[in-house]
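Encoded as structure tokens, the structure appears first; notes follow it.
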Amino acid sequence: MSKYLFYGTFLVVISSLCVAAPKPAIIQGPGQWTVEVKFTQPQQLVVPWGGNGAARYWYTILSVTNRTNDDVDFYPRCELMTNTFQIVPAGTNVPPAVFAQIQQRHQSQYPFLESLEKAENRILQGEDNAKDIAVIWRDFDTQATAFKIFVTGLSNETAVVDHPVAVDAEGTPVQVFLRKTLELDYALRGDPTLRNSVEVVYQDRDWVMR
């Protein structure tokens, strides 16, 4: 039986086994590219849902510019992971009305804002073709005191490594497909359960293979 190639993520199992994932290349090879990205501080948005009910969301805005020598494919995926190991995929259980409010809030600064789910899958070269994209998550674990944001799709650099546990029918380690990923680290200052007053503190950014 041939090996299965999984598009996956190393999480707790890999951390516990202390397996070191490869690092992105310092100098990219022929055919490899990474677009330029800027990002805003994550913010909260509370949306009323009839009566006295309301739902809380978090969002950031990515500004992506293609300064490579070619037009590139763009299939972004974003996840928020708390230090309590809750993982929240962007766009999951997020009604269109949430993006509409974000779009209205930032109309003057980002007049052509797109939602992550409806962003075009191609980025043309140059400053004039830059994209501003709203990335939205539902509220996460109120016990979390820090979180990371992972953004893939900003580069075509990949790596394949053996899974530390899973094997195929022949006993050969299953291969895991990793992509160059932007990692943004944040802490929450104050009581994280008091959502309205909690402060988001930027810690660091890095490129990782994930």
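As a summary of the residue check, E79 satisfies the conditions (1) part of a loop (DSSP other than H, G, I, E, B); (2) touching a strand residue (DSSP E or B) at 6+ places or on another chain (Cβ under 6 Å) except for the one numbered (1).
Does S16 count as closer than 22 Å to K148 by Cα, out of contact with any Leu (no Cβ under 9 Å at 6 or more places or on another chain) and modelled with pLDDT under 95? For S16, the condition - closer than 22 Å to K148 by Cα, out of contact with any Leu (no Cβ under 9 Å at 6 or more places or on another chain) and modelled with pLDDT under 95 - is met.
Scanning region 115-153 for residues that are acidic (D, E) and buried (at least 18 other Cβ atoms within 10 Å of the Cβ) yields a single hit, D132. Of all the numbered requirements in (1) on the phi > 0 side of the Ramachandran plot; (2) under 16 Å from the mean Cα position of the chain (by Cα), N156 misses one, and that requirement is (1). For region 99-125, which positions are without any contact (Cβ under 8 Å) to a residue 24 or more places away in the chain and assigned to a loop (DSSP other than H, G, I, E, B)? Of everything in region 99-125, those that are without any contact (Cβ under 8 Å) to a residue 24 or more places away in the chain and assigned to a loop (DSSP other than H, G, I, E, B) turn out to be Q107, S108, Q109, P111, F112.
Yes/no matrix, rows are residues, columns are (1) modelled with pLDDT of 95 or more; (2) polar (S, T, N, Q):
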position: V98; (1), (2): yes, no
position: Q109; (1), (2): yes, yes
position: G126; (1), (2): yes, no
position: D132; (1), (2): yes, no
position: I136; (1), (2): yes, no
position: D141; (1), (2): yes, no
position: Q175; (1), (2): no, yes
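Of all residues in region 31-48, those that are in contact with a helix residue (DSSP H, G or I) (Cβ under 9 Å, 6 or more places away or on another chain) and either more than 30 Å from E127 (Cβ to Cβ) or aromatic (F, W, Y) (or both) total 1.
Looking only at region 50-69, residues that are assigned to a loop (DSSP other than H, G, I, E, B) and either at pLDDT 95 or above or surrounded by 11 or more Cβ atoms within 10 Å (Cβ to Cβ) (or both) come to 2 in all.
For region 82-94, a tally of residues being part of a loop (DSSP other than H, G, I, E, B) and either among the β-branched types (V, I, T) or farther than 16 Å from F140 by Cα (or both) returns 3. Entry remark, region 64-106: residues being touching a Pro at 6+ places or on another chain (Cβ under 9 Å), under 18 Å from A144 (Cα atoms) and of a type in the set (A, V, I, L, M, F, W, C) number 2 in total.
Every listed requirement among (1) farther than 29 Å from Q32 by Cβ; (2) more than 22 Å from the chain's Cα centre (by Cα) is met by P192 save one, (2). Pairing each residue of region 183-209 that is more than 30 Å from A25 (Cβ to Cβ) with any residue that is surrounded by 12 or more Cβ atoms within 10 Å (Cβ to Cβ) and among the hydroxyl-bearing types (S, T, Y), provided the two are 6+ apart or on different chains, yields C-beta distances under 8 Å for L188/T145; P192/T142; P192/T145; T193/T142; R195/T142; V200/Y186; V201/Y186. With respect to D128, determine if the residue is in a strand (DSSP E or B), at negative phi and free of Cβ contacts under 8 Å to residues at least 24 places away in the same chain. No: the conditions fail for D128.
The values are calculated or read from the model by the stated rules, or taken from the named source; none is laboratory data. The shown structure was predicted, so the numbers you read here are calculated from the model rather than taken from an experiment. Glycine also receives a Cβ, built like all others from the backbone with ideal geometry; neighbour counts cover every protein chain displayed.
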